[in-house]
Amino acid sequence: MKHLTKEQIEILKRRLLEVRREILGDVEKSKRHSKETGDDGTQDIADMAADTYSRQVLMDLGERERERLREVDAAFKRIDDGSYGLCEETDEPIPFSRLEAIPYTRYTVTAQNEIERRSKGA
């Protein structure tokens, strides 16, 4: 984290807390929406299919949100252990501007692109 100033780290901690609050707020909204789309016994087959699809989308969204939450928590651990802001693929410093945009990122843009390229080829 030597490439980041104390002020930058504080800014990024606040951003991580914001992201965490957004995720938890989205999860709560999804739970409320899921309860609102329950079966009241008067739905026809098309309505039930649409509700099933909606619930599946909400469950998928929930998994993505849980993964982001895990990434945010891992970022806080990296701050604590001093490895935050270093690319896990290349050990290069991740630019502050990238961390500001995606404060839980673990990779530089170049490394992220390479990882995505490899996963598409797999």
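Observations, loosely collected:
- Any pair with Cβ under 6 angstrom, 6 or more apart, that starts in region 1-26 at a residue that is over 15 Å from G82 (Cβ atoms) and ends at one that is assigned to a helix (DSSP H, G or I): L16/V72; L16/A75; V19/V72; R20/V72; I23/E65; I23/R68; I23/L69; D26/E65
- 2 or more residues closer than 25 Å to Q8 by Cβ, touching a Phe, Trp or Tyr at 6+ places or on another chain (Cβ under 6 Å) and at pLDDT 95 or above: qualifying helices (runs of 4 or more DSSP H) within region 24-122: 45-81
Condition check ((1) among the polar types (S, T, N, Q); (2) surrounded by 12 or more Cβ atoms within 10 Å (Cβ to Cβ)) across all residues:
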| residue | (1), (2) |
| --- | --- |
| D73 | no, yes |
| Y84 | no, yes |
| D91 | no, no |
| A101 | no, no |
| N113 | yes, no |
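The values are calculated or read from the model by the stated rules, or taken from the named source; none is laboratory data. Not measured: the values here are computed from a predicted model. Backbone-built Cβ (ideal geometry, glycine too); neighbour counts: all protein chains shown.
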